[in-house]
Amino acid sequence: MLNNKLKAAPAIIVFFTAFIFSHPAFAEKLVYAPNAEQGEWEVENTGVYDFDPHKDKNAIQEYHYSIGYGVNSFWHTELELEAETVPTDDSITKFQATHMEWENIFQLAPKGEYWLDPGIYLAYEAPLINKQVGQFEGKILLEKDIDKVTNILNISFNQEVGGGADRHTDAGVSWSTRYRLYRFFEPGFEYWNDFSAISHQIDYNQQSHQAGPCFYGRLGRHLNYNVGYLFGISDAAPRGELKWVLEYEF
Amino acid sequence: MVNLVLGACIWLPVLCLAQSQPANIIVIKGHQFNPARLTVPAGRKIQITVDNQDPTDEEFESYDLDREQVVEGNKKIIVYLGPLKPGSYGYWADYHKDSKGVIIAK
């Protein structure tokens, strides 16, 4: 089995390199399932590209490149590089790596044992740029299959750390529903929000709320995809956002 | 005595529940599933023990059932399913794709 995985290495390197050097690439706007698959490697590329009439919210891009491994049947760990661009008055600033992240997903029970499948996500994001701060992130992961419909809820908490960090803990929710129509094509939708700081209640329109159609599937034996378009449904959110995830499993 | 009563209160329902679950076992040997066709009750939660008697790892995978679980060599796992609608649900061995089986819910 290991030999088969080593044989796949060149393909994975090509895949990874292609997405690092081609833009727009992929970014990480991913609703996490509470699953860990023992012995499985994955190379993943996720991304977002924002569209908005306001210059300061338009053409914002964020990309994540990661490699992960299922250590056992209840722990999946992942190392991830985050890169982003932001707009300026004259042009898009240069694309640069901003954070390195260590992610962990803990599956708390075998799938299907309880009415809800529970999991926990814990991550630390270390800054690669002086002016940036680090961040701890925790998520409660819940999944419920109803016949061919898979529903996943993530409840997120973020806390910045380091000099200049915001002391307030942010919270957010993301939701994914998809219909397992075919293995290669599963239509669905996602909802994302960022409530901002838990301790400060702010108006709905100051919070970011997005929702829209998404499509999921597996192409061939190893490649999973997820692509969607989220509409901004509050003032703080961009008018539209293209999001995508590509994952190569081996 | 109190401990005995308390223990009985806790364990009896558990044992009764365990008794009510028929044994659903799929054995992997020579990279083949046995039985390749397993009938289970529809409309209730079930457990299937997948017993890998090969020395190598295998993956129990099913798109119909939305399951992907690795079974290490010479080990067992429990797959929790249902309640299933009546019908047939295919599964296969991800590391030996020609090895397939079906679960019939009645």
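Return the Rg/Rh ratio of chain A with Cα-based radii and a Kirkwood Rh.
On the way: Rg = 18.1 Å, Rh = 19.0 Å.
Reported Rg/Rh (Cα atoms, Kirkwood Rh): 0.95.
Over the range A:196-250, consider all pairs of different Cα atoms and compute the Kirkwood hydrodynamic radius from their mean reciprocal separation; express it in Å, one decimal.
On the way: mean 1/r = 0.0761 Å⁻¹.
Taking the inverse mean of 1/r over all distinct Cα pairs, the range A:196-250 comes out at 13.1 Å.
Under 10 Å from the Cβ of residue A:232, count the other residues' Cβ atoms, weight Lys and Arg +1, Asp and Glu -1, and hand me the total. Don't skip to the end; give the middle numbers.
Numbers: positive: A:57, A:239; negative: A:50, A:52, A:235, A:241.
Its environment carries a net charge of -2.
What FRET efficiency, computed as 1/(1 + (r/R0)^6) with R0 = 25 Å and r the Cβ-Cβ distance, is obtained for residue B:42 and residue B:63, rounded to the nearest 0.05? Walk me through the numbers before you get to the answer.
Values: r = 19 Å, r/R0 = 0.76.
So the FRET efficiency works out to roughly 0.85.
Counting pairs on different chains as well as pairs 8 or more places apart, how many Lys pairs in chain A have Cα atoms under 21 Å apart?
So the count works out to 15.
R0 = 30 Å: FRET efficiency of residue A:75 with residue A:223, Cβ-based, nearest 0.05?
Working: r = 24 Å, r/R0 = 0.79.
With R0 = 30 Å, the Cβ-Cβ based efficiency is 0.80.
Determine which residues of the range B:51-85 fall in the zone a paramagnetic label at residue A:151 would reach in this model, i.e. backbone nitrogen under 20 Å from the point 7 Å along Cα→Cβ.
Residues B:65-67, B:81-85 qualify, since their backbone N sits under 20 Å from the label point.
Starting from the eigenvalues of the Cα gyration tensor, five times each then square-rooted, give me the equivalent ellipsoid semi-axes of the range B:23-105, largest first, whole Å. Mind dumping the intermediate values first?
Details: eigenvalues 83, 30, 23 Å².
Whole-Å semi-axes of the equivalent ellipsoid: 20, 12, 11.
Using helices alone, what [θ] at 222 nm do you get for chain A, with -39,500 (n - 2.57) per DSSP H run of 4 or more residues, divided over all residues and rounded to the nearest 500? Walk me through the intermediate numbers first.
On the way: 2 runs with 19 residues, N = 250.
The helix contribution divided over chain A gives -2000 deg cm²/dmol.
How well do other chains shield peptide B:57-70, expressed as the mean number of their Cβ atoms within 10 Å of each residue Cβ? If you can, show how the numbers build up before the last one.
Values: counts 3, 1, 5, 0, 0, 0, 4, 3, 3, 8, 4, 5, 7, 8.
Other-chain Cβ atoms within 10 Å of each residue's Cβ, averaged: 4.
If each of residue A:133 and residue B:85 carries a label point 7 Å out from its Cα toward its Cβ, how far apart are those two points in nm?
Using points 7 Å along Cα→Cβ, the separation is 5.0 nm.
The numbers here are math on the coordinates, done by the rules we state, and not lab data. Just so it is clear, the structure is predicted and the values come from calculations on it, not from any experiment. We place every Cβ from the backbone using ideal geometry, glycine too, and count neighbours over all the protein chains shown.
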